[in-house]
Amino acid sequence: MSNETTRLQMSLLQPAQAQKHVTVNEALMRLDGMVNMVLQSTSVATPPEVAIDGQCWAVPAQPQGNWAGHAGQVAIASNEGWVYVAAARGMQAFVADRGVVAICDGTVWVAGAQNLGAFGSGLVAGLAEAEVDLIPGAQVVTDVFIPSGAMVIGAVARVVQPITGNLSSWRIGTNGATNRFGQGLGKDEGSWARGMLGSPMTYYQPEPLLLSAEGGDFTGGRIRLAVHWWELRLPV
């Protein structure tokens, strides 16, 4: 009989074992991290200086520091140290620094995966977002990019700091279609846009979201932006 469980490698109590509480407490820490799992990141390769017990990270390739030698595992913060669990195919978690759910394919975590075939192909929901400070001028090229091969569903925005300037309104779009996701948008704090496309559009090269002033120029303001898309993951 094995001395630990198969999936989460939790040590089993043994007859006449001393200090049973140590074994039980470590098992509880594993469960606390792995049940309804939230991964702080799947790309950070260096352990954080401070971590709350129960917080989890998916350890990527070539990890550093205390994570060295644990690539492909889930690191769970525990008592100022780390407990490690092997990541298995089919495990799911919310990835906090990406804002999406991920599925493990047995080797890596596929952020946004809605399904994963036996050979690794899948349908992936993508998201890019940022808070954009408007600079003086007629148009702002944002750092929110649509990737190559993405079928875009739409883009959304909310004004979090009033937009200033002599413009009457503004629009969201991309090169060649600066109003693709909305036009005639409001300048006041709390104004929003929900640019759902009637027919999803596939982009075959990366494109940034563009914010364009209508009837004048921007001088300031702040907008939160996000764009949503579908991607097809290739078999491995």
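The values are calculated or read from the model by the stated rules, or taken from the named source; none is laboratory data. For clarity, every value in this text was computed on a predicted model and none was experimentally measured. Here Cβ is always computed from backbone atoms with ideal geometry, including for glycine, and neighbour counts include all displayed protein chains. Just the protein is used for accessible areas: all its heavy atoms, side chains included, with ligands, DNA and RNA removed. Shrake-Rupley method; radii C 1.70, N 1.55, O 1.52, S 1.80 Å.
Quick notes on this structure:
- Accessible area (Å², per residue) of region 1-59, counting only protein heavy atoms and a probe of 1.4 Å: 65 Å²
- Put a plus charge on the Cβ of each Lys and Arg, a minus charge on the Cβ of each Asp and Glu, and nothing anywhere else: the dipole of region 1-139 about its Cα centre is then about 540 debye.
- Of the residues Val156, Leu234, Ala86, the one whose Cα sits farthest toward the positive end of the charge dipole of the chain, with +1 on the Cβ of Lys and Arg and -1 on the Cβ of Asp and Glu, is Leu234.
- Charge dipole (Cα centre; +1 on Lys/Arg Cβ, -1 on Asp/Glu Cβ; no other charges) of region 187-236 amounts to roughly 200 debye.
- Student exercise, the chain dipole from Lys, Arg, Asp, Glu Cβ charges, in Debye to nearest 20: 540 debye
- Contact order, relative form, for the chain: 18 percent (alpha carbon pairs under 8 Å, 6 or more residues apart, mean separation divided by residue count).
- Among the chymotrypsin sites (Phe, Trp or Tyr not before Pro) found in region 150-205, those both in a DSSP coil and sparsely packed, with 12 or fewer other Cβ atoms within 10 Å of their Cβ, are Tyr204.
- For Ala111, the shell of other residues with beta-carbons less than 15 Å away shows a net charge of -2, using +1 for Lys and Arg and -1 for Asp and Glu.
- Most fluctuating residue given options Glu214, Glu131, Glu80, as computed from a GNM of the chain linking Cα atoms under 10 Å: Glu80
- From the alpha carbon centroid of region 32-99 to that of region 162-236 is 35 Å.
- Accessible surface of the chain, 1.4 Å probe, proportion on carbon and sulfur as whole %: 52 percent
- Taking a ≥ b ≥ c as the square roots of the eigenvalues of the Cα gyration tensor, region 38-153 is oblate, since a/c reaches 1.5 or more and a/b is not larger than b/c.
- Helix 20-34 axis, angle to the chain major axis (alpha carbon atoms, nearest 10°): 20 degrees
- Average accessible surface for region 138-236: 52 Å² per residue, computed with a 1.4 Å probe over protein heavy atoms with every protein chain in place.
- Cβ-defined net charge surrounding Leu31, 14 Å radius [Lys, Arg +1; Asp, Glu -1]: -2
- Sum of side-chain charges, Tyr203 neighbourhood, beta-carbon under 14 Å (Lys, Arg +1; Asp, Glu -1): -1
- Taking the charge dipole of the chain about its Cα centre, with +1 at Lys and Arg Cβ atoms and -1 at Asp and Glu Cβ atoms, the residue from Gly120, Gln205, Gln17 reaching farthest to the positive side is Gly120.
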